[in-house]
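Some notes on the structure that comes next.
The values are calculated or read from the model by the stated rules, or taken from the named source; none is laboratory data. What you see is a predicted model, and the numbers here were worked out from it, not measured in a lab. Quick reminder, even Gly has a Cβ in these numbers, built from the backbone with ideal geometry, and neighbours come from all protein chains shown. Calculation scope for accessible area: heavy atoms of the full protein, side chains included, ligands and nucleic acids excluded. Shrake-Rupley method; radii C 1.70, N 1.55, O 1.52, S 1.80 Å.
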Amino acid sequence: MRKPSLIVLGLATAGLLLALDEPLPAAVAALAALWLADRRPVIGDTPVPPEAAAGVDVRAVRQYREEHPGATITEAVAATTRR
């Protein structure tokens, strides 16, 4: 899940720093905002019941994520515990 408010805040900070004639910190703030815009979630927010989470097979989760690029860890846990 992306955090649009953090991206906007980073770009606004970059603009403010440019207005204050601070190009290097502005570039760092802009790059940080762009990094936030492009990064993929790793953990995710898919609900996993506590009783299912207790018996997670790590190898199955890893294999699921290899077979489904872009899947988060919680998606993989939910999918492998349903099988």
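Annotations for the structure displayed:
- One residue from 60, 30 being in contact with a Ser or Thr (Cβ under 7 Å, 6 or more places away or on another chain), at pLDDT 85 or above and small (Gly, Ala, Ser): 60
- Subset tally (residues that are open to solvent by 80 Å² or more (accessible area, probe 1.4 Å), in contact (Cβ under 8 Å) with a residue 24 or more places away in the chain and of a type outside the set (A, V, I, L, M, F, W, C)) for segment 1-38: 2
- Residues of segment 63-83 classified as open to solvent by 90 Å² or more (accessible area, probe 1.4 Å) and in contact with a Ser or Thr (Cβ under 9 Å, 6 or more places away or on another chain), total: 1
- Top-ranked residue of segment 3-23 - restricted to ones that are β-branched (Val, Ile, Thr) and closer than 12 Å to residue 37 by Cβ, ranked as nearest to the chain's Cα centre (by Cα): 7
- A search for C-beta distances below 7 Å between a residue of segment 60-83 that is assigned to a helix (DSSP H, G or I) and any residue that is hydroxyl-bearing (Ser, Thr, Tyr) and modelled with pLDDT under 85, counting only pairs 6+ apart in sequence or on different chains, returns 74/46; 75/46; 78/46.
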